[in-house]
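Just below is one structure, and these are the notes that go with it.
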Amino acid sequence: MLLSKSEGKEFLLMGNQAIARGALEAGVSVAAGYPGTPSSEIIENLASVAPEADLYVEWSVNEKVSLEVAAAGSFAGLRSLCVMKQNGVNVASDFLLHLVLSGTRGGMVLIPCDDPGAISSVNEGESRYFARLMEIPLLEPGDFQEAKDMTKWAFSLSEELGNVVMLRSVTRLSHASGNVKLGALNRTKPAAKFNFSGNLLDAKTGPVITAPVPFRHTQQQGKLKKAAALFETSPFNRYEGPENPELLIITSSACYLYSREALRVLDTEKRAGILKLGTTWPLPPELLKKHLAAAEKVLIVEEVLPFLEENIKILAMENIDSIGKIKFFGKNDGTLPSVNEMNPDYVIKAISSILNIPYTGMPEEYEKSGQILSFTKSPNRELTFCPGCPHRASYWSINRALTLNGENGFVCGDIGCYTMAILPAGFGTIKTAHSMGSGTGVASGFGKLKSFGMNQPVVSVCGDSTFFHAGMPALVNAVHNNSDMLLVILDNSGTAMTGFQPHPGIPSGAAGNELPSVDIEGICRSIGAKTFTADPFNVAETEKKVLEIIENERGPRVLIMRQGCALSPEKKGKKKYNVSVDSNICKGSDCGCNRLCTRVFRCPGLVCDSATGKAMIDEIICAGCGVCADICPSGAIKRSEVAL
Amino acid sequence: MQVKGSKEIRAGVLDSGLCTGCGACVSLCPYYATHKGKTVMHFSCTREEGRCHAHCPRAEVNLDRISSQFFGEEYSASPFGSYINIHSARAGDKAGVSGFQTAGTVSALIKFALEKGYIDSAVLTKNEEGFGVPFVIDNPGDVEKASGSRYSVSPTVKGVNDAINSGRRKIGAVGTPCQTLAVAQLRGNPLKQEGFTDPIALSIGLFCTWALTASDFTALMKSMGDISTIRKLDIPPPPASSMEIETGNKSYIIPLDDIRKLIPEACSYCHDMTAEFADISVGVYEGKTKQNIAIIRTERGRKIFEEAVNAGYLETEKIPEEAIAPLAAASMNKKKKGLGKLAGANLINSETGHTVIRMKKSTLESILKGGASCC
Ligand SMILES: Cc1cc2nc3c(=O)[nH]c(=O)nc-3n(C[C@H](O)[C@H](O)[C@H](O)COP(=O)(O)OP(=O)(O)OC[C@H]3O[C@@H](n4cnc5c(N)ncnc54)[C@H](O)[C@@H]3O)c2cc1C
Ligand code: SF4
Ligand code: SF4
Ligand code: SF4
Ligand code: SF4
């Protein structure tokens, strides 16, 4: 489908596939990104057709570098794409601030996928504000067809303006699917050449730099004005509804679908109209003036923060003479929440209260009891590590070593599956958790507080991919400043959380091509940290090692706990051990065990027989890692190696 | 006695500075561990009743019940607890023990009991990198590997649990008063387990005024040089007031005042100086460096002791009344101080919350009211 030539044919596509197809139709040549839900499938889809479609696709070490790699493509005249999740824009923003000033050549599109409601994130950051802050155009597709079409258009818009264009997707668009009519696909392989010998001030032929800043900044703002003018007639901005609506809803992105559904449910299509914006920054002033003038009440529906709302209010204020007085509803006045995902229900309630339409919806009691039931009666599916996950074993050892040491040591974490150690899944071992690599930076700081009397052992954890992404500078900092801390690298050989994308430590690239790998231990050693390695599945030895490193070593230290992810292609579906519980030996909930395996260790492969309190192995779920045999105090869990 | 669980141990003992580090709760289950003389809890256990609480010498210890169990009488306000007689003793030539702390009575008794089959194993305490760790032996030849005193808190009773777990049922246990108290509790089968038999065939208690926080003491030792070269470490009885350490080629004298700073808070709650629930309690004979004082408390203790004397493993002398007066005074003093502190913290016979000791009110009052020296 991605390379289908059947123009006009409809396919059911996931939002991220539609975006990938749009980029292919636009003739993209370079695509780079850093994995992160809900964005990863865009690069993955492009990677899957890279050789055939003459594309260069890479998973870069982090978002900033991915933006730099994509920019190089653009500087050399190619169309290029850069993809990341919302918080990635923060990482890339330093380069972005300079890129928007120097401008781009070949069409360049930056696609952040936001995650309202933080369904698979630890924040619900907004990338849209970056478009305003960086003064670049922002596009927001409202459905799957638009996801493809706007992506395609974004490249030519970028070329027309000479600057990078941001296209923002959200989880419900990226990960849901809908019908998409394909456009023409004419792949050619353009030649890349970077021209730099022209005049210093010539954006097309000179060096690509930000100086002189006032000159370039003026140019940049000119591009933005031009964008606003182009947006006035964009087909991605549409109005549907009566000429003089009682209520004008202004919306964008997935919220367009929610607004339409709300009007339908309330049967108010004749009273209220929807202005659906696809180009949300800069706002096309004339289009907005026209629609605002025709309404007295305006509801702005968007996800998450009141971005549109603020910009529209400024525009309305500046044009109050021609537009007249308007009563605005949205997030600032509390009509809609400014956290979490939007949904049709919120919009229905907002409209019914503004227009005084009685809406009973679900009786409150019913809703409440539904919520209670779904909480209490649904099977307990706590957030936890997979069966056979090395992280559970790693935290077991780290936690126990810190307890034995008895000096109130703690672990600073960051972003990855392993963040779940803030929960019982990882025995609550992580005590600080922020952005990529930040655990190690924070630990580097904690490790310098001895002179203030802080004697608690300081440990940070960091995944292998995260280590390359942002952990390395933090470790360099810790070594250079001789911080007293231990970095534990949880090396599970891949970017597991987002679906096994390779990283610099893996000898392959986005398209499965062979690449040189970078040795984590070698890096740490050459930086100057004392390094150690351990196999977390060997729990007793690992615990001992952690304890020894904490108690007998000082300064910046690195312990690499190496064991592949249970879901990795090499391991998935292959049991190393057959495991069973001898119920005659199992102590169950008696004094002497009290269900250590099912109550504390809690691998989903272990279940407690509620009648006897004794443990059993769920053969289907158990991944056969054999670790539980080592943690059982009674020797009741038996394992035998599966013959290969 | 009201048996509770680990929640009470954590709050009432570990986190309240009452834990003696005896190790009685370790090796019963995966939740307790001991490291460098300190007892810690891994994760948490939700059981409302457990052996950890039942064996702990700092939780619901009913002195009258234990006393009745071993001696057929309630706990009294006397300085040494219940006993049959008191001797001056030392290892005889037949015992062939060396490296002992005072006069080798303990080592000789254990060796004799092992050789004669009164016990099939013994739980002693050896030195490992400056820390006292339990040492389970089956062989009389191994007794000497653990002779001498480790003055730091040691989890010796963990070794008793290990020995029981490995099927040993005629165990000789040597321990300080808190350790001996824990052993006495476990011997009473507090959780009423079916088919229980007392696994302890000989309990030897050591006199004790205090022990030292293990990590601090080891750090102090290490600051004096290689701890593996320490040959002898002794606290001579009063009027001396110092600790003497002999290493390979040097000897050190550390003022006791400096040493006392390393005493854990837990010891200040202790009321037992002579290990009152042992079969035989052994300590220093003040003024006679080459002699121990041995308090024989039970029939089986008396039997083994007398046979050891007859076999030449021990040499004894009669001890004049006045010779034990200083010990009686010191012992009464410790009772008064320890029980007084516990009572002050509402940890005796407490109706609500944590209780360390249960005992007859009148006995308590008579101890607290008594003069520093009595009898
Ligand atoms: C911490 C401590 C404090 C003491 N305080 C006093 C005191 O105030 N007054 C007094 O008269 N006597 C005290 N003693 C007892 C004294 O040090 C001798 O242990 C006792 O006199 C027996 O001498 P011995 O020659 O027969 O011992 P040995 O034949 O040398 O045998 C000593 C035995 O004690 C065991 N042991 C060593 N260290 C420990 C320990 N930390 N915990 C449990 N068992 C251990 C060894 O395994 C060995 O079997 C104390 C002992 C200890 C361990
Ligand atoms: S840890 Fe072992 S003894 Fe305890 S419940 Fe699990 S299988 Fe049974
Ligand atoms: S062997 Fe044990 S720890 Fe490993 S997956 Fe199976 S049940 Fe879980
Ligand atoms: S109740 Fe039993 S299992 Fe629980 S902590 Fe105490 S000894 Fe261990
Ligand atoms: S006093 Fe002994 S039994 Fe009680 S908590 Fe401490 S080590 Fe455990």
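Compute the projected area of the convex hull of the Cα atoms of chain B, averaged over all viewing directions, and report it in nm² to one decimal place. Present the calculation step by step, with values, prior to reporting the outcome.
On the way: hull surface 70.1 nm².
That works out to 17.5 nm².
Quick one: Karplus J couplings for region A:239-252, per residue in order, coefficients 6.51, -1.76, 1.60, θ = phi - 60°, nearest Hz, x for Gly and Pro?
10, 9, x, x, 5, 10, x, 5, 9, 9, 9, 10, 8, 7
Return the average number of partner chain Cβ atoms within 10 angstrom of each residue Cβ along peptide A:579-591.
Across the residues of A:579-591, the mean count of other-chain Cβ atoms within 10 Å is 2.
In what sequence, highest mean first, do A:562-568, A:244-250, B:73-79 appear when ranked by Cβ atoms within 10 angstrom?
Working: A:562-568: 19.6, A:244-250: 21.7, B:73-79: 18.0.
Top to bottom by mean Cβ count within 10 Å: A:244-250, A:562-568, B:73-79.
Through the Karplus equation 6.51 cos²θ - 1.76 cosθ + 1.60, θ set to phi - 60°, convert the phi angles of region A:271-288 into ³J(HN,Hα) values in whole Hz; use x for Gly and Pro.
3J(HN,Hα) across region A:271-288, in whole Hz: 9, 10, x, 10, 9, 9, 9, x, 10, 9, 8, x, 6, x, x, 5, 4, 5.
Using the structure shown, select from A:LYS450/B:LYS341; A:LYS331/A:LYS448; A:LYS223/A:LYS331; A:LYS450/B:LYS36 the pairs with a Cα to Cα distance greater than 32 angstrom. Numbers along the way, then the final one.
On the way: A:LYS450/B:LYS341 35 Å; A:LYS331/A:LYS448 43 Å; A:LYS223/A:LYS331 30 Å; A:LYS450/B:LYS36 22 Å.
A:LYS450/B:LYS341; A:LYS331/A:LYS448, as the Cα separations exceed 32 Å there.
Using a 10 Å cut-off around each Cβ, can you sort A:VAL57, A:VAL213, A:VAL459 from fewest to most neighbouring Cβ atoms?
Placing the least packed residue first, the sequence is A:VAL213, A:VAL57, A:VAL459.
Looking at this model, which pairs from B:LYS116/B:LYS290; A:LYS5/A:LYS181; B:LYS337/B:LYS369 are more than 18 angstrom apart at the alpha-carbon?
Result: B:LYS116/B:LYS290 exceed 18 Å.
Rounded to the nearest 0.05, what FRET efficiency do B:LYS290 and B:ASN249 give with R0 = 22 Å and r taken as the Cβ-Cβ distance? Could you check?
That gives a FRET efficiency of 0.30.
What value, in deg cm²/dmol to 500, does the helix sum -39500 (n - 2.57) over DSSP H runs of n ≥ 4 give at 222 nm once divided by the residues of chain A? Could the numbers behind the result be given before it?
Working: 20 runs with 220 residues, N = 644.
Taking each H run of at least 4 residues, the total per residue is -10500 deg cm²/dmol.
Along the Cα→Cβ direction, 7 angstrom out, place labels at B:ASP64 and B:SER268. What is the inter-label distance in nm?
3.0 nm
Give me, ordered by chain and number, the residues 5 or more places off A:ILE111 or on other chains with an amide H under 5 Å from its own placed amide H.
A:CYS82, A:VAL83, A:MET84, A:LEU167
For A:GLU382 and A:ARG132 in the same chain, what is the full-extension length gain: residue separation times 0.36 nm, less their Cα-Cα distance, in nm?
On the way: separation 250, 0.36 × 250 = 90.00 nm, distance 3.91 nm.
Separation in residues times 0.36 nm, less the Cα-Cα distance, equals 86.1 nm.
Between A:GLU232 and A:ASN123, what is the FRET efficiency for a Förster distance of 35 Å, r being their Cβ-Cβ separation, to the nearest 0.05?
0.50
What length, rounded to one decimal in nm, is gained on full extension from A:ALA540 through to A:GLU641, with 0.36 nm per residue of separation minus their alpha-carbon distance?
Full-extension gain reported as 34.4 nm.
Taking amide H positions as placed 1.01 Å from N in the peptide plane, with prolines and chain starts having none, which residues 5 or more places from B:ILE171, or on another chain, fall under 5 Å of its amide H?
Sorted by chain and number, the residues that satisfy this are B:ASP120, B:ILE200, B:ALA201, B:LEU202.
Which entries of B:LYS261/B:LYS336; B:LYS111/B:LYS360; A:LYS587/B:LYS158 show an alpha-carbon separation above 30 angstrom in the structure shown?
B:LYS111/B:LYS360
Normalized C-alpha radius of gyration of the protein assembly as shown, against 2.2 N^0.38 Å? Working shown, then result.
Numbers: Rg = 38.1 Å, N = 1019, 2.2 N^0.38 = 30.6 Å.
Output field value: 1.24.
Give me the number: length gained by fully extending A:LYS181 to A:LYS572, i.e. 0.36 nm times residue separation minus the C-alpha to C-alpha distance, one decimal in nm.
137.1 nm
Applying 1/(1 + (r/R0)^6) with R0 = 35 Å to the Cβ-Cβ distance of B:GLU49 and B:ASP138, what FRET efficiency is obtained, to the nearest 0.05?
That pair, B:GLU49 with B:ASP138, gives E of 0.60.
Could you bin all the Cα-Cα distances of region A:119-176 into 10 Å bins starting at 0 and give me the percent of pairs in each, rounded to whole numbers?
Taking every Cα pair in region A:119-176, the percentages come to 22, 47, 28, 3.
Which aspartates and glutamates does A:LYS64 reach when only Cα atoms under 12 Å apart count, and residues fewer than 8 places away in its own chain are ignored?
List returned: A:ASP94.
Please give every one of the aspartates and glutamates within straight-line cross-link reach of B:LYS4, meaning a C-alpha to C-alpha distance under 15 Å, and leave out same-chain neighbours fewer than 8 residues apart.
A:ASP590, B:GLU48, B:GLU49, B:GLU60, B:GLU351
Please list, or write none, the lysines whose alpha carbon is within less than 16 Å of the alpha carbon of A:LYS572, excluding same-chain residues fewer than 8 places away.
Qualifying lysines at Cα under 16 Å: none.
Which distance in nm do the two modelled labels at A:LYS193 and A:SER322 give, with both placed 7 Å along the Cα-to-Cβ direction?
4.6 nm
Arranged by the count of other C-beta atoms within 10 angstrom, fewest first, what order do A:HIS291, A:HIS217 take? Write down the numbers at each step before the final one.
Numbers: A:HIS291 19, A:HIS217 14.
Starting with the residue having the fewest Cβ neighbours, the order is A:HIS217, A:HIS291.
For labels at B:LYS337 and B:LEU256 in the simple 7 Å Cα→Cβ model, what's the distance in nm?
1.0 nm
Taking the Cα atoms only, what angle lies between the long axis of helix A:86-102 and the longest principal axis of chain A, rounded to 10 degrees?
Around 50 degrees separate the two axes.
Spelling out what I want: for every residue of region A:405-413, take phi, set θ = phi - 60°, compute 6.51 cos²θ - 1.76 cosθ + 1.60 (Karplus), and round to whole Hz; glycine and proline get x.
Result, rounded to whole Hz: 4, x, 10, 6, x, 8, 10, 9, x.
Could you work out, residue by residue across A:404-414, how many beta carbons of other chains sit within 10 Å of that residue's beta carbon, and then give the average as an integer? Can you show the working numbers first?
Values: counts 7, 4, 8, 2, 0, 0, 0, 0, 0, 0, 0.
If you average over the peptide's residues, the count of other-chain Cβ atoms is 2.
Per 10 Å bin, what percent of the C-alpha pairs of region A:140-266 does each bin hold, from zero upward?
In order of increasing distance, the bins hold 9, 29, 29, 21, 9, 3, 0 percent.
Quick check for you: which residues of region A:323-365 have the amide N under 17 Å from the point 7 Å beyond the Cα of A:LEU373 toward its beta carbon?
A:362-365
Place the peptides A:163-172, B:212-221, A:397-406 in order of packing, highest mean first, counting for every residue the other Cβ atoms within 10 Å and averaging per peptide.
A:163-172, A:397-406, B:212-221
Read-outs: derived from the displayed coordinates by stated rules, not from any lab. Model, not experiment: these values are computed from the prediction. Ideal geometry is used to build each Cβ from the backbone, glycine not excepted, and the neighbour counts take in all protein chains shown.
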